[in-house]
Amino acid sequence: MASQISTAFAKPQKSTRMKMIGKSNVFTYFTLIVLSLLMILPLIWLVRSSLMDNAQIFIFPPEWIPEPFRWSNYPEALTAVPFKRFFLNTMILEVLTVSGVLVTTMISAYTFARLRWPGKNIVFGVLLATGMLPGAATLIPMFVFWRELGALDSFIPLSLPSWFGAGVYTGQGVFAIFLMRQFFMTIPRELDEAAYMDGANPLTVLWHIILPLSKPALLVITVFSFNDVWNQFLEPTLYLSSEKKYTMALGLASFKGLYNAQWGYLMAASATMVAPIILLFFLAQRYFIEGITLTGIKG
């Protein structure tokens, strides 16, 4: 009898708790949907503006659906300036820079994470401190340095630093090394010791054991570096003066002149430039999230 009474009282409590959980989930999903719409609002504005003329883009109150749809903005924007050449220049920089970032990051992170040598922690602390240095503080000295070497109006100032751990800018290179080091530290050291007992050297361990287990982290660094080079604007503006060497980011600026701007073409070209980054993220998001998550785990 007592158990029946307790069961009778327990059921309403469980039902009430489930209702509270259900209401909490509805509020959570509603909040996430609203915040998601706010986050993608600039992208929606970009796409609708890319299908309008200048007068319709800035009409007030704003119109969200183009009338009519100006699909011609896309082919006209991509042929108004030599975007094929700009795209080729950007991809050349991507290959040179991302390759440099990956090579230097792998070697540096492996040195800090797996090898034992005097002063390692001090050197790593100094390396992290350099990442706090503002890019504006080194902008003029680096420009003078490359000018004295006669490397202006070339891809050398934009790509060569990545082969010395600087990346697209100093903070990006330091972050890549830190991220990779944290990931390497999650891999059991017993694997290294077993390989050393079989006669392997550090480079063999890095190439055949560590790197195959580090694909998520490598992909994260690749995506970050690719995105940084793709969106890089200040440094190409500083070092490149010939239009035939412009990147995609500099090509977008050509639609905005001193007295007027071709906003429809600019929005269409911007939407075209954003599309590969969005596609890259969706294709790599599983490894991307896995790499970010695992770098915070040790042991």
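The values are calculated or read from the model by the stated rules, or taken from the named source; none is laboratory data. Note that this is a predicted model, so its numbers are computed, not measured. Quick reminder, even Gly has a Cβ in these numbers, built from the backbone with ideal geometry, and neighbours come from all protein chains shown. Accessible surface areas use protein heavy atoms only, side chains included; no ligands, DNA or RNA. Shrake-Rupley method; radii C 1.70, N 1.55, O 1.52, S 1.80 Å.
General observations
- Residue in region 104-114 that is at pLDDT 90 or above, closer than 19 Å to S225 by Cβ and either part of a loop (DSSP other than H, G, I, E, B) or over 24 Å from the mean Cα position of the chain (by Cα) (or both) present: no
- Evaluating I156 against the criteria (1) surrounded by 16 or more Cβ atoms within 10 Å (Cβ to Cβ); (2) closer than 21 Å to L240 by Cα; (3) not polar (S, T, N, Q) leaves one unmet condition, (1).
- Sole exception among (1) over 18 Å from the mean Cα position of the chain (by Cα); (2) open to solvent by 40 Å² or more (accessible area, probe 1.4 Å); (3) not hydrophobic (A, V, I, L, M, F, W, C) for K215, by number: (1)
Yes or no, residue by residue, for (1) open to solvent by less than 40 Å² (accessible area, probe 1.4 Å); (2) of a type in the set (D, E); (3) not in a loop (DSSP other than H, G, I, E, B):
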{"site": "A136", "(1), (2), (3)": "no, no, yes"}
{"site": "P141", "(1), (2), (3)": "no, no, yes"}
{"site": "V144", "(1), (2), (3)": "no, no, yes"}
{"site": "A151", "(1), (2), (3)": "yes, no, no"}
{"site": "I177", "(1), (2), (3)": "yes, no, yes"}
{"site": "F183", "(1), (2), (3)": "yes, no, yes"}
{"site": "E193", "(1), (2), (3)": "no, yes, yes"}
{"site": "G199", "(1), (2), (3)": "no, no, no"}
{"site": "L203", "(1), (2), (3)": "no, no, yes"}
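- Checking P68, P118, P61, P75 one by one, the residue that is assigned to a helix (DSSP H, G or I) and surrounded by fewer than 11 Cβ atoms within 10 Å (Cβ to Cβ) is P75 and no other.
- Filter result for L128 (exposed (fewer than 15 other Cβ atoms within 10 Å of the Cβ), within 30 Å of V205 (Cβ to Cβ), touching a residue at least 24 places away in the same chain (Cβ under 8 Å) and not charged (D, E, K, R)): yes
- Selection status of I209, assigned to a loop (DSSP other than H, G, I, E, B), of a type in the set (V, I, T) and surrounded by 13 or more Cβ atoms within 10 Å (Cβ to Cβ): no
- Verdict on D153 being within 18 Å of the chain's Cα centre (by Cα), charged (D, E, K, R) and closer than 30 Å to F83 by Cβ: no
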